[in-house]
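Structure, as structure tokens:
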Amino acid sequence: MDEKADSMAKMKSKTFEQKKEFAIRDFQKSKRTLDTCIYCLKDDSRPQVAMVSLGYRAYLALPNIVEMSQGHCLIVPVQHVTSTLECDDDVWDEIRNFMKCLIQMFADEDRGVIFMETVINMKWNNHTVIECIPMPWDLAQDAPAYFKEGILESSGEWSQNRKLIDTSKATFRRSMVKELPYFHVWFGLDKGYGHVIEKEKSFPSWFGKEIAAGICDLPPNVWRKPKKLNPRDYPNRVQEFMKKWEKWDWTKMLHEEQ
């Protein structure tokens, strides 16, 4: 009986040590991710991307890689979250403000814009972003058909979840589940398609970009392995973007209130 008790005590101790070791490794991994995140504002300093406008809870930035089209930009939550489904109403108010203003800005140029978010693996703890890719108005009108076909073709014959989720009916935040990896594309503020990623290892991070590139007839180098841009060019890129954005920049109101 004593031997059995000793054995159970040792097993319990070993299990505790294993859990403790796992927790330490998990903490260290999370810390490394945060320390090296290019989208986080560390110690009130700017992120490692070309930031254009800063709200209280989200900001607008330019990608650190070759843009898919003129005006290609990113909407980024200030808080390090793996999915925008983790964001509360206040964050979403700012995200939608950026969306509204970008839609208006590009419409003024007779262009449309699609917004995409790709969340492949929650364990990676990547800082999520919403990509904003403008395109000629007539091509933007065809985008829903292209993405619908692409999403349906990407799914296997057997799926536990619906292959295509039309988020126009119940909105993105009510239609998708934050615990599951997903891809989502918006064709405006509320119309969009979602897809639950069931095979994370085989789902390409450039899935949405490849479809957008196909719509605009762009070469593979702009979506597969785009070239990184020199940080020294960031100020000029921001200045060029601001020439059009300044008229629509809703964050100016925040600074005027202070």
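The values are calculated or read from the model by the stated rules, or taken from the named source; none is laboratory data. Please read these numbers as outputs of a predicted model, since none were measured by experiment. A quick note on method: Cβ atoms are made from the backbone with ideal geometry, for glycine too, and the neighbour counts reach across all protein chains shown.
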(request) Check Lys100 against each of (1) farther than 30 Å from Gln48 by Cα; (2) in a helix (DSSP H, G or I) and name the one condition it does not meet. (result) (1)
(request) Examine the stretch 172-183 for a residue that is free of Cβ contacts under 8 Å to residues at least 12 places away in the same chain and within 23 Å of His72 (Cα to Cα), and state whether such a residue exists. (result) no
(request) Look at Ser159 and say whether it is modelled with pLDDT under 95, surrounded by 15 or more Cβ atoms within 10 Å (Cβ to Cβ) and in the same structural domain as Gln104 (by TED's automatic domain parsing). (result) no
(message) Being aromatic (Phe, Trp, Tyr) and modelled with pLDDT of 95 or more: is that true of Trp250 here?
(response) yes
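Tell me yes or no: at least one residue of the stretch 176-199 is part of a helix (DSSP H, G or I), surrounded by 14 or more Cβ atoms within 10 Å (Cβ to Cβ) and either out of contact with any Lys or Arg (no Cβ under 6 Å at 6 or more places or on another chain) or modelled with pLDDT of 95 or more (or both).
Among the residues of the stretch 176-199, not one is part of a helix (DSSP H, G or I), surrounded by 14 or more Cβ atoms within 10 Å (Cβ to Cβ) and either out of contact with any Lys or Arg (no Cβ under 6 Å at 6 or more places or on another chain) or modelled with pLDDT of 95 or more (or both), which makes the answer no.
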(request) Within the stretch 108-129, identify whether any single residue is touching a strand residue (DSSP E or B) at 6+ places or on another chain (Cβ under 7 Å) and either surrounded by fewer than 16 Cβ atoms within 10 Å (Cβ to Cβ) or among the basic types (Lys, Arg) (or both), and answer yes or no. (result) yes
(request) Looking at (1) at pLDDT below 95; (2) out of contact with any helix residue (DSSP H, G or I) (no Cβ under 8 Å at 6 or more places or on another chain), find the lone condition where Lys169 falls short. (result) (2)
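Within the stretch 218-235, how many residues are assigned to a helix (DSSP H, G or I), closer than 15 Å to Pro63 by Cβ and of a type outside the set (Val, Ile, Thr)?
Summing the residues that are assigned to a helix (DSSP H, G or I), closer than 15 Å to Pro63 by Cβ and of a type outside the set (Val, Ile, Thr) in the stretch 218-235 gives 4.
Residues Gly208, Gly214: which one is within 21 Å of Asn126 (Cα to Cα) and either part of a helix (DSSP H, G or I) or touching an Asp or Glu at 6+ places or on another chain (Cβ under 6 Å) (or both)?
Working: Gly214 fails: within 21 Å of Asn126 (Cα to Cα).
Going through Gly208, Gly214 in turn, the sole match is Gly208.
What residue, of Lys123, Lys148, is modelled with pLDDT of 95 or more, out of contact with any Cys (no Cβ under 8 Å at 6 or more places or on another chain) and part of a helix (DSSP H, G or I)?
Working: Lys123 fails: modelled with pLDDT of 95 or more.
That would be Lys148, the only listed residue that is modelled with pLDDT of 95 or more, out of contact with any Cys (no Cβ under 8 Å at 6 or more places or on another chain) and part of a helix (DSSP H, G or I).
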